[in-house]
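Q: This structure is in structure tokens; I'll ask about it shortly.
The values are calculated or read from the model by the stated rules, or taken from the named source; none is laboratory data. Just so we're clear, the structure is a prediction, and the values are computed from it rather than from any experiment. Cβ atoms come from the backbone with ideal geometry, glycine included; neighbour counts cover every protein chain shown. Note: areas computed on protein heavy atoms with side chains; ligands, DNA, RNA excluded. Shrake-Rupley method; radii C 1.70, N 1.55, O 1.52, S 1.80 Å.
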2 protein chains.
Amino acid sequence: MSTAGAALDRWRGPPDGRRRAVIESVRPEIDCGRFAAKRVVGEWVVVEADIFADGHDRLAAVVRYRRADASEWTETPMEPLVNDRWRGRFRVETIGRYEYTIAAWVDRFLSFRHDLARRDDPQDIAVALAVGAGLVEDAAARAQGEDAAELLAIARRLVADEPLEGRRELALSERLLVLMRAHPDRSLETRYDKVLPVVVDRERARFSAWYEFFPRSTADEGERHGTFESARKRLPYIARLGFDVVYLPPIHPIGRTKRKGANNALASGPDDPGSPWAIGAEEGGHKDVHPALGTLEDFRAFCAEARRLGLEVALDIAFQCSPDHPYIRSHPQWFRRRPDGSIQYAENPPKKYEDIVPFDFESDDWRALWQELESVIEFWIAQGVEIFRVDNPHTKPFAFWEWVISEVKRRHPEIIFLSEAFSRPRVMHRLAKLGFTQSYTYFTWRNTKHELTTYLTELTAHESREYFRPNLWPNTPDILHEYLQYGGRPAFMSRLVLAATLAASYGIYGPAFELVENRAREPGSEEYLDSEKYQVRRWDLEAPHSLAELIARLNRVRRENPALHSDWSLRFHDVDNEQLVCYSKRTEDLGNIVLVVVNLDPHHVQSGHVELPVAELGLDAAKPYQLHDLLTGARYLWHGARNYVALDPHRSPAHVFRVRRRVATERDFDYFM
Amino acid sequence: MSTAGAALDRWRGPPDGRRRAVIESVRPEIDCGRFAAKRVVGEWVVVEADIFADGHDRLAAVVRYRRADASEWTETPMEPLVNDRWRGRFRVETIGRYEYTIAAWVDRFLSFRHDLARRDDPQDIAVALAVGAGLVEDAAARAQGEDAAELLAIARRLVADEPLEGRRELALSERLLVLMRAHPDRSLETRYDKVLPVVVDRERARFSAWYEFFPRSTADEGERHGTFESARKRLPYIARLGFDVVYLPPIHPIGRTKRKGANNALASGPDDPGSPWAIGAEEGGHKDVHPALGTLEDFRAFCAEARRLGLEVALDIAFQCSPDHPYIRSHPQWFRRRPDGSIQYAENPPKKYEDIVPFDFESDDWRALWQELESVIEFWIAQGVEIFRVDNPHTKPFAFWEWVISEVKRRHPEIIFLSEAFSRPRVMHRLAKLGFTQSYTYFTWRNTKHELTTYLTELTAHESREYFRPNLWPNTPDILHEYLQYGGRPAFMSRLVLAATLAASYGIYGPAFELVENRAREPGSEEYLDSEKYQVRRWDLEAPHSLAELIARLNRVRRENPALHSDWSLRFHDVDNEQLVCYSKRTEDLGNIVLVVVNLDPHHVQSGHVELPVAELGLDAAKPYQLHDLLTGARYLWHGARNYVALDPHRSPAHVFRVRRRVATERDFDYFM
């Protein structure tokens, strides 16, 4: 026996072998708890787990949660679903980090109660009641005050000289169950072996409409180069369009060495302004503003006006340098040199990007580099910026981003980071997991019904939705998709409706978008002709073909319909036409249901029958319900699951319906809510 | 900057921020590495992971593995598949525990090589070759002897005054790649943050045919109660049937208090032998043998004869007591008392099992209880037993099993534990994960084509196959399924073929099975009439309807066909008849392919067309191939994917084919292998 005794000493299992409950397959749990699930203030965290024990005993379980900086845990009960799956939930109330775990225990009182209800032998019942009395007495010892007294009284009555059936009823009473649940015996409870993190953001992290534009292209008549001041005058227009976020490409001094000319020409003329992403010149680097745009004070005035109009300013974080960046002289150790002593520019052979110099993150001086880059973000936060769109994060180490985002958010939990990684799936997911608040997606390249359905279902229904918040862009300064090049105004309209209603966060690069700019540099290219990346443009915002009115209406619809404020309720519905895509979003209480039908064919009228899950949407299959088109104001009466739709792309390629249930009929009128 | 500096000190990420490779989603990895994957000696462990880094650099990765008791790691390279998924594998050579992990690194030479092949600017190529020469020189410094000299020579030639193209060819040469791969720069490699376990068993853990029988029912003519000696005489018969394991229900003294009579009667007569699972009487407990069966010496002689015949003996571990068990007096603290002072018998209200007393695993003296139960297993190992079938493990704590199995296997890695848990899915899986070598399944209740296809696909293709090794039983002393009760001899035949060919491990409870015992205690019950659990039976092994010959042939087919020795290759094939099920198993090299077709209808001839994936099976769709029925010896020529099958249940309800490819045609003869 001494061998076995020694073995037991070595046993590294649960410290008390009597803890019989098992907790496994906890969700959400991202990479074994290595990464946090994401929520915004006011949302629920629904926690599920497989919880069971040996034998037939009944279990109880709770979710334990707290703010990560709190010492006390709060608990909320879990309920069994099927097949040993349990569920509980808690609401996150403030921004910052939360954490949660699970506790479960074999509950002898619940087992006693369950068995007692099934016993048929009077002698057994009498013995069982004596056992139960003991359990209730123990609970009384754990309780205090009135509860203790009441429990003690019940324990005595359970074994009193009274008829059996009355005592059994007392043992099975709801009142005793409530008391016993309030004072359970948790001495042998099992704690889940991990504490799991949640990052809680402000609501903008989940629900946002972005507008990207180049300040230098806002020049007044007669001026060559726009400024923060001229850009400031553009803000009321953007506010009227209903956006939440104005995002500016880099606003820093632009390098002159190897500066690109118009249409990405290798040579530039003296008037070419260069790419804003070639950051750094003798006028300064990442903490400076381009003199042509104005001063830091002008930038702050721009931000103040944005705030006044209800807009937030998002800055571009592009951690790369022009060959003229001050860092190259002040910190040569942060860059790689070629054998000929020249600085190593960016390249992806045979392509060269000689106007850009990447940081060498394998530098021996990486710590100082990380700190300096973090200080860039802190600098702009100090100017009042709370949102950053990060350029090509997938070309800098994942460990750096994880560190810098967690550091910044620890001090400023309100900061939002949008990851501009158009890369492979695993890479994009890793960036989202390690901390980016929102992520660009493949939406721009998903244009058919099958592509949209598959991809958006993945984004909104798969486990990755716990950490990957999509932000859909129909265009960017880098991407003018073929669908827009050849589909004309209807294509822009349908892509706009899709982006704005499929995802709670979306954005456009304007005014190119609303002005239906669809000229590519050359056939087969996704680059814009006369791209603003390399030259100043002038836009006629008053052009009659502008989509400004549609955009303003869509953004108002988004604000007014809470169903569109989140992504998880997205469901696609069958339409018997491959060119028509139909989907809905809804609030949990079904109080707000938005149904969208989009014609993906920008050239022809398409029609078909939509098939709706009426019961799931809370609709009475036997009665008509009203579809109110929020874009046109038109109202339609639909009956049952199957209804007809036709969409002419040249009038409006989409319906955005609010679904209204009939609530009452009085005389000749139907009322819908 | 001091704030950021402090932040960097607090950073708990990778100790060196320059380690850029990321390793995630490693498979196999069971519950975050909490449990081991299972293999048998000689098998491969195929390890996959998502491996990637920022940017465009090339990566290299290795699987690192070792015996858990070894200090040195062995490494084997991983290769990229698609979408950043990598795969490597290693073979486990000895029984015991192994462990593995992954290392990956950004390989500058591979990046250099990849880029060099794509460069088109001669000046760039020259500069790149100088960079490459530096990398090769560094490798020379890491290498020794001839490799070092050769690398140094190559480094010099790369920058020698020679034509560019020749130097580029040298840089891209296979020889240099081999040398550089042998001496990589791993100074900034990433190690996966977990070391993952594998339990390696002997082959019997994966491939086994079990025969369960009651020794007491082997009495010679004129005797009332069989003995180890009479059971020993039964062994040659079992060996002729081709089984590997003979499994005996408990062989211990049987309690008298509340002993059950024939057909589970509450009262027993003086001649009723009682249930072998009511363990313990004044003659002894779990470490004693029932005097009616003989002595411990007789048992050892039984085991010796089994060994001589190539059979292993499996004992039943049933950790429960009769009310007469010596433990109840020697260790009263291990049992629960009722308020009236009586011992708490087993119950599941309203059902009572008064002949059985469970251990109280919540006893304060649980440590001594665990140790004593472990010593029971050790006792029987000392008698030569190496396989245990564990009765109802799901009614004892999971932590106990995890401890006792790991303790026993640490000292005796050859021991096999079969879990007899007919319980909920999560419970059965947990037992398999925590250490049981094999598991009973729901096979007994899966009788239709849909049920069989779904369930066996789950068992053999889902991730749980890493730890859950199924053992299929068409019957047990507790379960006589309706399908057998009403399907007659053809039902027994088809269930036998299914069990023996769907899974590498299967078992029958005989002689009830081969003698087609199908009388249930009452309609709707799965209990046998006159069950051997409560009475001694006498079996006529020579009965003409015995399935002994079919069993012997099936077990020979199993042994001769390595495709049937494991489960992971199982694939179901379409048949246009719901009563016909068709599936195949194959060796990795396709050298052995077994194709099975079973008629699930025990009453009528069923026919249909089988659809085979001929290319996947290595067959030439344009040429005939031979199907050799290993049960009847008949040979059929099939052509292409779709072929006709008809099965008469009254002749043979199944084909077990060896698929033979045509290898050559000489004159009039086709040769098939």
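Q: What are the lysines whose alpha-carbon lies under 23 Å from the alpha-carbon of A:LYS352, with same-chain residues fewer than 8 places away excluded?
A: Answer for A:LYS352, where 23 Å is the Cα cut-off: A:LYS258, A:LYS260, A:LYS396, A:LYS533, listed by chain and number.
Q: Express the C-alpha Rg of the protein assembly as shown as a ratio against the empirical globular expectation 2.2 N^0.38 Å, rounded to two decimals.
A: Details: Rg = 37.3 Å, N = 1346, 2.2 N^0.38 = 34.0 Å.
Dividing the Cα radius of gyration by 2.2 N^0.38 Å gives 1.10.
Q: Using alpha carbons only, how many angstrom separate the centre of the range A:50-92 from the centre of the range A:325-361?
A: 53
Q: Please list the radius of gyration and Dmax for the range B:92-138, considering alpha-carbon atoms only, with Å as the unit.
A: Every Cα atom of the range B:92-138 included, Rg and Dmax give 18.6, 58 Å.
Q: Only Cα pairs under 8 Å and at least 6 apart count here; give the relative contact order of the range A:35-82 as a rounded whole percent.
A: Working: 27 pairs, mean separation 12.0, N = 48.
About 25 percent, as a whole number.
Q: Run the simple label-point estimate for B:LEU529 and B:GLU578 please: 7 Å along Cα→C-beta, distance reported in nm.
A: Taking the two extended label points, one gets 3.1 nm.
Q: On to the next question. If I model a spin label at B:ARG186 and B:SER342 as a point 7 Å from the Cα along the Cα→Cβ vector, what separation in nanometres do I get?
A: Result: 6.8 nm between the two label points.
Q: List the Cys residues of the protein assembly as shown that have no partner Cys with a C-beta closer than 4.7 Å.
A: A:CYS303, A:CYS321, A:CYS582, B:CYS303, B:CYS321, B:CYS582
Q: Looking at chain B from every direction and averaging, what is the projected area of its Cα convex hull in nm²?
A: Details: hull surface 171.1 nm².
Averaging across all directions leaves 42.8 nm² for the Cα convex hull.
Q: Take B:ARG635, project a point 7 Å from its Cα along the Cβ direction, then tell me which residues of the range B:558-573 have their backbone nitrogen under 17 Å from it.
A: None, by backbone N distance to the label point.
Q: Roughly how crowded by other chains is peptide B:363-371, in terms of the mean Cβ count from those chains within 10 Å of each of its Cβ atoms?
A: Working: counts 1, 1, 0, 3, 8, 4, 1, 5, 7.
What the average comes to for B:363-371 is 3.
Q: Nearest 0.05, what FRET efficiency do A:GLU75 and B:LEU164 give at R0 = 60 Å with Cβ-Cβ as r? Show your work: numbers first, answer last.
A: Details: r = 72 Å, r/R0 = 1.20.
Efficiency at R0 = 60 Å is approximately 0.25.
Q: Right, something else. Just subtract the alpha-carbon distance of A:ARG651 and A:PHE379 from 0.36 nm times their residue separation and send over the number in nm, one decimal.
A: Numbers: separation 272, 0.36 × 272 = 97.92 nm, distance 4.80 nm.
So the chain would gain 93.1 nm between A:ARG651 and A:PHE379.
Q: Which whole number gives the average count of other chain Cβ atoms within 10 Å of the Cβ atoms across peptide B:267-275?
A: Details: counts 0, 0, 0, 0, 0, 0, 0, 0, 0.
That works out to 0 on average.
Q: Using 0.36 nm per residue, how much length does the chain from A:ASP478 to A:HIS114 gain when fully extended, once their Cα-Cα distance is taken away? Provide the component values of the computation, followed by the final result.
A: Values: separation 364, 0.36 × 364 = 131.04 nm, distance 6.50 nm.
Gain on stretching A:ASP478 to A:HIS114: 124.5 nm.
Q: When the helix-only estimate is applied to chain A (DSSP H runs of n ≥ 4, each -39,500 (n - 2.57), divided by the residue count), what is the mean residue ellipticity at 222 nm, nearest 500 deg cm²/dmol?
A: On the way: 15 runs with 189 residues, N = 673.
For chain A, the value works out to -9000 deg cm²/dmol.
Q: Give me the 1.4 Å probe accessible area per residue for the range B:139-230, excluding ligands and nucleic acids, in Å².
A: Working: 4530 Å² over 92 residues.
Accessible area per residue: 49 Å².
Q: Sticking with this structure for a sec: Could you work out the relative contact order of the range A:566-672, using alpha carbon pairs under 8 angstrom and six or more residues apart, expressed as a whole percent? Don't jump to the answer; show the numbers that get you there.
A: On the way: 228 pairs, mean separation 27.9, N = 107.
Relative contact order for the range A:566-672 comes out at 26 percent.
Q: Quote the convex hull volume per residue of the range A:51-102, based on C-alpha atoms, as a whole number of Å³. Don't skip to the end; give the middle numbers.
A: Values: hull volume 4.4 nm³, N = 52.
In the range A:51-102, the Cα convex hull volume per residue is 86 Å³.
Q: Also, quick follow-up: Need the C-alpha centroid separation for the range A:498-555 versus the range B:129-160, integer Å.
A: 53
Q: Averaging the inverse of every distinct alpha carbon separation and then flipping it gives the Kirkwood radius. What is it for the range B:204-564, in angstrom units?
A: 21.0
Q: How large is the Kirkwood hydrodynamic radius of the range A:527-588, in angstrom, based on all distinct alpha carbon pairs?
A: Numbers: mean 1/r = 0.0644 Å⁻¹.
Final number for the Kirkwood radius of the range A:527-588 is 15.5 Å.
Q: Where does helix A:482-502 land angle-wise versus the long Cα axis of chain A, in degrees 0 to 90, nearest 10?
A: That helix lies at roughly 30 degrees to the long axis.
Q: If you average the C-alpha positions of the range A:574-627 and of the range A:397-425 separately, how far apart do those two centres end up, in angstrom?
A: Between the Cα centre of the range A:574-627 and that of the range A:397-425, the gap is 37 Å.
Q: Right, something else. Going by average Cβ neighbours within 10 Å, how do the peptides B:79-88, B:62-71 rank, with the highest at the top?
A: Highest to lowest by the protection proxy: B:62-71, B:79-88.
Q: Still on this structure, I have one more. Ratio of the range B:109-182's C-alpha Rg to 2.2 N^0.38 Å, to two decimals? Walk me through the numbers on the way to the answer.
A: On the way: Rg = 11.4 Å, N = 74, 2.2 N^0.38 = 11.3 Å.
My calculation over the Cα atoms of the range B:109-182 gives 1.01.
Q: Right, here's the next one. Hey, can you list the residues from the range A:13-51 whose accessible area shrinks by 40 Å² or more with all protein chains present, relative to the chain by itself (probe 1.4 Å, no ligands or nucleic acids)?
A: Residues passing the criterion (a loss of at least 40 Å², heavy atoms only) are A:GLY17, A:ARG18, A:ARG20, A:VAL22, A:GLU24, A:CYS32.
Q: Averaging the inverse of every distinct alpha carbon separation and then flipping it gives the Kirkwood radius. What is it for the range B:360-503, in angstrom units? Kindly include the intermediate steps, with their values, before the conclusion.
A: Details: mean 1/r = 0.0599 Å⁻¹.
Radius from the Kirkwood sum: 16.7 Å.
Q: Applying 1/(1 + (r/R0)^6) with R0 = 22 Å to the Cβ-Cβ distance of B:ARG424 and B:ARG34, what FRET efficiency is obtained, to the nearest 0.05? Please list the in-between numbers first.
A: Values: r = 20 Å, r/R0 = 0.91.
Efficiency computed from Cβ-Cβ geometry: 0.65.
Q: Any idea what the relative contact order of chain A is, in percent, if you count C-alpha pairs under 8 Å spaced at least 6 apart? Each step should come with its number before you reach the end.
A: Details: 1340 pairs, mean separation 64.6, N = 673.
The value is 10 percent.
Q: How many percent of the accessible area of the protein assembly as shown is carbon or sulfur, using a 1.4 Å probe?
A: Working: 26190 of 54010 Å².
C and S fraction of accessible area: 48 percent.
Q: Show me A:565-571, A:265-271 ranked by packing, highest mean number of other Cβ atoms within 10 Å first. Before the final figure, lay out each step's value.
A: On the way: A:565-571: 18.7, A:265-271: 10.9.
Taking the mean over residues of other Cβ atoms within 10 Å, the ranking is A:565-571, A:265-271.
Q: Taking the Cα of A:GLU146, stepping 7 Å toward and past its beta carbon, and measuring to each backbone N in the range A:59-79: which are under 19 Å?
A: Under cut-off, by backbone N: nothing.
Q: A follow-up question, please. Checking an interface number: how much accessible area is buried between B and A, summed over both chains, with a 1.4 Å probe, in Å² rounded to 100? Walk me through the intermediate numbers first.
A: Values: alone 30440 and 30460 Å², together 54010 Å².
For chain B against chain A, roughly 6900 Å² becomes buried.
Q: Might you tell me the accessible area per residue for the range A:381-504, computed with a 1.4 Å probe and given in Å²? If you can, show how the numbers build up before the last one.
A: Numbers: 3040 Å² over 124 residues.
With all protein chains present, the range A:381-504 gives 24 Å² per residue.
Q: Same structure again: If the range A:566-672 were replaced by its equivalent ellipsoid, with semi-axes equal to the square roots of 5 times the Cα gyration tensor eigenvalues, what would those be, largest first, whole Å? Display every interim value, and only then the final one.
A: On the way: eigenvalues 108, 52, 33 Å².
For the range A:566-672, the semi-axes come out at 23, 16, 13 Å.
Q: Run through all the Cα pairs of the range A:337-411 and give the fraction in each 5 Å bin from 0, expressed as whole percent.
A: 3, 12, 20, 23, 17, 13, 7, 4, 1
Q: Restricting to the protein assembly as shown, what percent of DSSP beta bridges are antiparallel, rounded to 5? Before the final figure, lay out the partial values.
A: Numbers: 161 of 221 bridges.
In the protein assembly as shown, DSSP labels about 75 percent of beta bridges as antiparallel.
Q: So how much slack lies between B:HIS412 and B:ALA153, counting 0.36 nm per residue of separation and subtracting their Cα-Cα distance, in nm? All intermediate terms of the calculation are to be shown ahead of the outcome.
A: Numbers: separation 259, 0.36 × 259 = 93.24 nm, distance 5.45 nm.
In short, 87.8 nm is gained.
Q: Place a point 7 Å from the Cα of B:ASP121 along the Cα-to-Cβ direction; which residues of the range A:260-277 have their backbone N under 11 Å from it?
A: Within reach of a label on B:ASP121: no residues.
Q: Give me the 1.4 Å probe accessible area per residue for the range B:566-672, excluding ligands and nucleic acids, in Å².
A: Working: 5150 Å² over 107 residues.
The answer is 48 Å² per residue.
Q: Please list, or write none, the lysines whose alpha carbon is within less than 22 Å of the alpha carbon of A:LYS194, excluding same-chain residues fewer than 8 places away.
A: Straight-line reach from A:LYS194, under 22 Å: A:LYS38, A:LYS433, B:LYS194, B:LYS433.
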